[in-house]
Amino acid sequence: MSGLPQGLREKCGVVGVSLADRQAARPLYYALYALQHRGQESAGIVTHDGFQQHDHVELGLVGDAFTEADLDGLAGRVGIGHVRYPTEGGLDSSCAQPFSVSFKSGSLGLSHNGNLVNADEIREELAGLGHAFTSDGDTEVIAHDLARNLLEADLVRAVKRTMNRIHGSYSLTITHDDTVLGVRDPEGNRPLCIGKLDDGYILASESAAIDVLDGELIRDVNPGELVVLQEDGEGFDSYQLFTPENTAHCFFEHVYFARPDSAIDGKLVYDVRRDLGRKLWEESGIETDVVMPVPDSGRAFASGYAEAAQEEGADVEFAEGLMKNRYVGRTFIMPTQDARERAVRLKLNPIRDVVEGKTVTVIDDSIVRGTTSTQLVQLLRDVGAEAVHMRIGAPPIIAPCYMGIDMATREELIAADQTTEEICEEIAADSLAYLSIDAIAETLDESESDLCLGCVTGEYPYDIEGEETDRDVERPVIGDPAPADD
Ligand code: AMP
């Protein structure tokens with residue numbers, strides 16, 4: 001989506017494979033399973049058999065979106081896949097992906113994770129040139145622009161021209177006939193990595209998708225890099241099309257979004273979360289009888305926190321005092337506050353014996369609206385906790401995400417206009433502490449100017465209308481779909 005109302009939602013997972021001598025559909029399907037946490041609204045696969053493109057895109061979870069017959073119909077050794085995050089307020093099938101289309105320049109399939117900030121400008125211009133759009137999504141804009149450039153330039157030049165025109169966050173897997181490409185935006189905002197399979201190569205949002213296919217992670221796709229998988233599954237070619245002065249890696253991938261068993265930009269997410277937990281203890285540790293995570297997102301943080309506390313001789317017990325019902329969907333996207341509160345209650349149940357008569361520290365990765373924390377503090381007091389301290393593995397979220405993570409609107413964010421003391425009072429905890437931005441940068445071993453910290457600073461690494469930017473960014477000038485300077 002573009003136009004940038006508050007809190008855009010394009011949090012997705014992408015994958016692409018090129019294999020020597022087997023159909024791509026099943027490996028893509030398994031990879032999508034591994035990426036299911038990145039999107040539950042729709043799932044889709046596009047393959048190419050050397051003659052024609054095949055696609056199947058369905059609303060729902062990966063397991064429900066494909067039958068055996070659907071997978072059998074997806075012929076070809078190459079293909080891409082996509083899982084899409086739920087949108088607030090209902091399902092939108094016109095935005096389900098991969099987006100696929102046939103142009104004079106061949107057939108294209110596109111899977112996109114991220115958000116462009118200038119898609120409207122490009123769409124308007126291309127519509128003026130006669131391109132007909134079927135959705136208001138960014139992905140179709142990229143597809144049309146690329147198709148247009150492919151009429152006049154070879155694949156690599158065409159991709160470069162399109163990258164010259166689009167501004168924002170994008171990790172893409174693309175099929176152009178039977179060639180699979182991976183592209184990561186010049187700031188490397190969303191993850192994308194390359195892996196080796198027994199009989200081919202894979203591109204995926206997260207390395208967990210490579211693991212489930214018994215493949216081997218080779219490396220991350222570099223910011224600004226185009227990777228072209230060879231059609232015979234024998235290798236890949238790399239083109240470093242843009243070399244940014246600074247990257248804008250999303251820190252929230254590490255804090256919440258990615259699977260802990262994935263490695264992103266060279267770091268295992270699980271290790272990062274444990275280290276953040278250790279830093280949380282260093283910055284704001286408090287000795288209580290019990291330390292417990294909010295499952296599942298707080299687990300690695302809490303184990304790092306408790307370990308650091310115990311190493312310092314603190315007499316704290318690490319325990320699972322909250323049980324999660326796995327069958328309750330995301331509380332986050334429930335349409336009303338009432339539904340969200342009900343869903344937290346259904347989802348998390350305290351274990352009375354672990355909590356009763358004890359002082360407890362509860363560790364979560366983040367507070368967004370404050371619904372989970374408010375409910376939890378009350379629940380824990382109800383089963384007899386003597387004191388409830390909240391420790392959070394991220395800084396306060398004060399501004400929306402425009403770059404692809406589903407966040408609440410600014411008005412809904414509990415930290416948008418309140419101090420930590422005020423929030424502590426609102427959630428009725430005995431104490432509350434967040435992690436510092438310094439601790440995030442230090443743990444990720446990146447300077448703050450190489451991270452996207454927009455949601456915790458309110459300053460974005462992109463030029464977003466109505467928002468502050470934290471760097472010298474220029475939007476591309478739209479008006480020349482095929483610049484000569486490539
Ligand atoms: P809230 O209850 O609104 O304060 O949300 C905080 C809870 O939602 C925490 O337990 C987080 O693990 C989780 N969370 C944080 N960000 C997201 C997101 N983008 N989508 C879904 N859940 C999230």
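The values are calculated or read from the model by the stated rules, or taken from the named source; none is laboratory data. The structure presented is a predicted model; accordingly, all values stated were derived computationally and were not measured. Cβ sites come from the backbone with ideal geometry, for glycine too, and all protein chains shown count toward neighbours. Quick note on the areas: whole protein, heavy atoms, side chains included, nothing else; ligands and nucleic acids left out. Shrake-Rupley method; radii C 1.70, N 1.55, O 1.52, S 1.80 Å.
Brief remarks on what is shown
- For the chain, the dipole from Cβ point charges (+1 on Lys and Arg, -1 on Asp and Glu) about the Cα centre works out to 1180 debye, to the nearest 20.
- Relative contact order for segment 8-244, counting Cα pairs under 8 Å that sit 6 or more residues apart, in percent: 22 percent
- Note on segment 383-456 and segment 109-125: Cα centroid distance 30 Å, given to the nearest whole angstrom.
- Within the straight-line cut-off of under 16 Å between alpha carbons, the aspartates and glutamates reachable from residue 196 are 21, 206, 211, 214, 216, 220, 231, 232, 234, 237, sequence neighbours fewer than 8 places apart in one chain being disregarded.
- 1.4 Å probe accessible area per residue over segment 8-244, in Å²: 32 Å²
- Between residue 107 and 177, the built amide H atoms are under 5 Å apart, and every one of these is 5 or more places off in sequence or on another chain.
- Summed over all non-identical Cα pairs, the Kirkwood treatment of the chain gives a radius of 23.0 Å.
- Ordering 385, 298, 400 by the projection of their Cα atoms onto the charge dipole of segment 270-483, which places +1 on the Cβ of Lys and Arg and -1 on the Cβ of Asp and Glu, puts 385 at the extreme positive end.
- Three-way shape label, segment 8-244, alpha-carbon gyration tensor, a/c 1.5: rounded
- Under the Karplus curve 6.51 cos²θ - 1.76 cosθ + 1.60, θ = phi - 60°, whole-Hz ³J(HN,Hα) for segment 166-178, x wherever Gly or Pro sits: 8, 10, x, 10, 7, 10, 10, 10, 9, 10, 10, 6, 9
- Rg ratio (alpha-carbon, reference 2.2 N^0.38 Å) - segment 438-478: 1.31
- Placing +1 on the Cβ of every Lys and Arg and -1 on the Cβ of every Asp and Glu, with no other charges, gives segment 270-483 a dipole of roughly 1300 debye about its Cα centre.
- The amide H of residue 432, built 1.01 Å from its N in the peptide plane, has 390 as neighbours under 5 Å, considering only residues 5 or more places off or on other chains.
- Note on segment 185-259 and segment 38-90: Cα centroid distance 20 Å, given to the nearest whole angstrom.
- Loop-located GluC sites (Glu not before Pro) in segment 227-277 (DSSP state other than H, G, I, E, B) with a sparse environment of at most 15 neighbouring Cβ atoms within 10 Å: 234, 245.
- Along the axis of the charge dipole computed for segment 8-244 (Cβ charges of +1 for Lys and Arg, -1 for Asp and Glu, origin at the Cα centre), the listed residues 76, 61, 189 are led at the positive end by 189.
- For segment 270-483, the extents of the C-alpha atoms along the principal axes are 68, 40, 31 Å, listed from largest to smallest.
- Sparsely packed loop sites in segment 277-378 (the GluC sites (Glu not before Pro) outside DSSP H, G, I, E and B with at most 15 other Cβ atoms within 10 Å) comprise 287, 312, 320, 356.
- For residue 230, the amide hydrogen comes within under 5 Å of the amide hydrogens of 235, 236, 237, counting only partners 5 or more places away or on other chains and with H modelled in the peptide plane.
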